[in-house]
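Worksheet: one structure, shown below.
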Amino acid sequence: MTTHRLRLHAATLELPTTTDVLSAAVAEGRLRGRHPDVDPATTLPVAAGSPVDLAAAAARTVLARTGHPAAEIEDLYYAWTYFQGAHFWSPAHALADRAGLSANPIGLQQMCNGGAAAVHLADRVARAGAPFSALICTGDAFRGPGFDRWSGDYGVLYGDAGTAVLAVSSAHPAPLGGPASTLMSLHTGALPHLESMHRPVDAPADVAPAGSWPVDVQATKRRYLQEHGSEALAEAMRGMVGKLLAKVLSDLAGQDLTANGKVYLPRLMNATLDSLYAPAVAALTDLPQRRLGDATGHLGAGDLIANLADAQASANAPRIDIFISAGAGFTISIAAMESFS
């Protein structure tokens, strides 16, 4: 799918001011199981408030930077990965209220690919050709004791953040401030046979969870890998990344990708990137790979928008970057965007 009908304005990453370091977590006995092998400089942002508040702060920043009236935003897409504060509740509506929006709030659950799924939906609407604007937001806070951000998972460290970006169709008439990116290509593929990697086999299907804390991602992944093997997982993930990236590169045929363009990888640990993502990318393009996980950890549904914020901030001249997003389930999305000031 190739499109020039969606623009993404003023991508914003809202990080808490408090951070956590591995040495403190170990000293305070907050880790269980094995300790992750990470760079000593790795820091994880830790929120004191709710993930919805982080997303609302990012949303207000986007509106201020673009100058887009909050009352004229048509849709609000809110994606998240982890618990938002209540089991029977709509965090998307809470976000709309806290950000001062009258938009239609739509909650998206595609785990850590949620931000990319929101871009996918906005693009589908924009391609209808009518003027359209939507605010895309994500918010996650992986706080203990319910979640062990350092050692509760394999190959992933978890940081708290809110993100937001304004999506408009090319038919949208209003001039907007802030940096912008044009969506050049977006392809998505699913690997549903991997869903059980995150599903406890003994969890009842007909009752709300109780007494299931802390979340033990290692346990469900360990069971899956014992049954199916790690190489089958690696082949499936690398195969899908390669398949989607080939489609994106085909859409970009004739475009100059050498002018400071990068491939932004998900904010995962280096061992995971080296195993599942980097080889598939390197097989198809020699563009440099951008890794930002050491600064923040994985931001749940927010990796793609956070990476776009980095690209927009450094785009002194128009350039095309490629963004890889992935979420449990699994779904992988790869987008190409041309950013300009």
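Among the residues in region 312-319, are any part of a strand (DSSP E or B), touching a residue at least 12 places away in the same chain (Cβ under 8 Å) and open to solvent by 20 Å² or more (accessible area, probe 1.4 Å)?
Looking only at region 312-319, we keep the residues that are part of a strand (DSSP E or B), and these are 319.
From the residues that got through so far, the ones that are touching a residue at least 12 places away in the same chain (Cβ under 8 Å) too are 319.
Next, from what is left, pick out any that are open to solvent by 20 Å² or more (accessible area, probe 1.4 Å): none.
No, that holds for no residue.
Looking only at region 271-297, how many residues end up being within 28 Å of Thr17 (Cβ to Cβ), open to solvent by 10 Å² or more (accessible area, probe 1.4 Å) and touching a strand residue (DSSP E or B) at 6+ places or on another chain (Cβ under 9 Å)?
So the answer is 5.
Run Val217 past the list (1) open to solvent by less than 20 Å² (accessible area, probe 1.4 Å); (2) of a type in the set (Val, Ile, Thr); (3) modelled with pLDDT under 75 and report the number of the one that doesn't hold.
(3)
If you take the residues in region 176-196 that are closer than 14 Å to Met240 by Cβ and either at pLDDT below 80 or among the small types (Gly, Ala, Ser) (or both), which one is surrounded by the fewest Cβ atoms within 10 Å (Cβ to Cβ)?
His193
Among all residue pairs at least 6 apart or on different chains, which show Cβ distances below 7 Å where the first residue, located in region 227-254, is among the β-branched types (Val, Ile, Thr) and the second is open to solvent by 20 Å² or more (accessible area, probe 1.4 Å)?
Pairs that qualify, where the first residue is among the β-branched types (Val, Ile, Thr) and the partner is open to solvent by 20 Å² or more (accessible area, probe 1.4 Å), are Val248/His187.
For every residue, the table says whether it meets (1) modelled with pLDDT of 95 or more; (2) small (Gly, Ala, Ser).
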| site | (1), (2) |
| --- | --- |
| His35 | no, no |
| Pro40 | no, no |
| Pro45 | yes, no |
| Val52 | yes, no |
| Ala56 | yes, yes |
| Asp75 | yes, no |
| His87 | no, no |
| Ala96 | yes, yes |
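If a residue must be among the β-branched types (Val, Ile, Thr), at pLDDT 95 or above and either touching a Cys at 6+ places or on another chain (Cβ under 6 Å) or open to solvent by 10 Å² or more (accessible area, probe 1.4 Å) (or both), how many such residues does region 106-135 contain? Step through it out loud before you land on a result.
The initial filter retains those residues of region 106-135 that are among the β-branched types (Val, Ile, Thr), namely 106, 119, 125.
Filter once more, keeping what is at pLDDT 95 or above: 106, 119.
Now drop any that are not either touching a Cys at 6+ places or on another chain (Cβ under 6 Å) or open to solvent by 10 Å² or more (accessible area, probe 1.4 Å) (or both), which leaves 106.
Here the count works out to 1.
Please determine whether any residue of region 98-105 is in contact (Cβ under 8 Å) with a residue 40 or more places away in the chain, among the basic types (Lys, Arg), open to solvent by 10 Å² or more (accessible area, probe 1.4 Å) and outside any helix (DSSP H, G or I).
We begin by selecting, within region 98-105, every residue in contact (Cβ under 8 Å) with a residue 40 or more places away in the chain; these are 98-101.
Going one step further and asking which of them are among the basic types (Lys, Arg), we end up with 98.
Checking which are open to solvent by 10 Å² or more (accessible area, probe 1.4 Å) leaves us with 98.
Retained after the next criterion (residues that are outside any helix (DSSP H, G or I)): none.
No, the conditions are met nowhere in region 98-105.
Among Leu304, Leu308, Leu268, which is the only one that is assigned to a loop (DSSP other than H, G, I, E, B), buried (at least 18 other Cβ atoms within 10 Å of the Cβ) and within 18 Å of the chain's Cα centre (by Cα)? Please lay out each step first, then the result.
Details: Leu304 fails: assigned to a loop (DSSP other than H, G, I, E, B); Leu308 fails: assigned to a loop (DSSP other than H, G, I, E, B).
That would be Leu268, the only listed residue that is assigned to a loop (DSSP other than H, G, I, E, B), buried (at least 18 other Cβ atoms within 10 Å of the Cβ) and within 18 Å of the chain's Cα centre (by Cα).
Would you say Gly162 is of a type outside the set (D, E, K, R) and within 24 Å of Gln218 (Cα to Cα)? It would help to see each step written out before you state the result.
On the way: of a type outside the set (D, E, K, R): yes; within 24 Å of Gln218 (Cα to Cα): no.
Considered against the rule, which asks whether it is of a type outside the set (D, E, K, R) and within 24 Å of Gln218 (Cα to Cα), Gly162 comes out as no.
The values are calculated or read from the model by the stated rules, or taken from the named source; none is laboratory data. These numbers come from a predicted model, not from an experiment. For neighbour counting, all protein chains shown are included, and Cβ atoms are generated from backbone atoms with ideal geometry for every residue, glycine included. Surface areas here come from the heavy atoms of the whole protein model, side chains and all, with no ligands, DNA or RNA. Shrake-Rupley method; radii C 1.70, N 1.55, O 1.52, S 1.80 Å.
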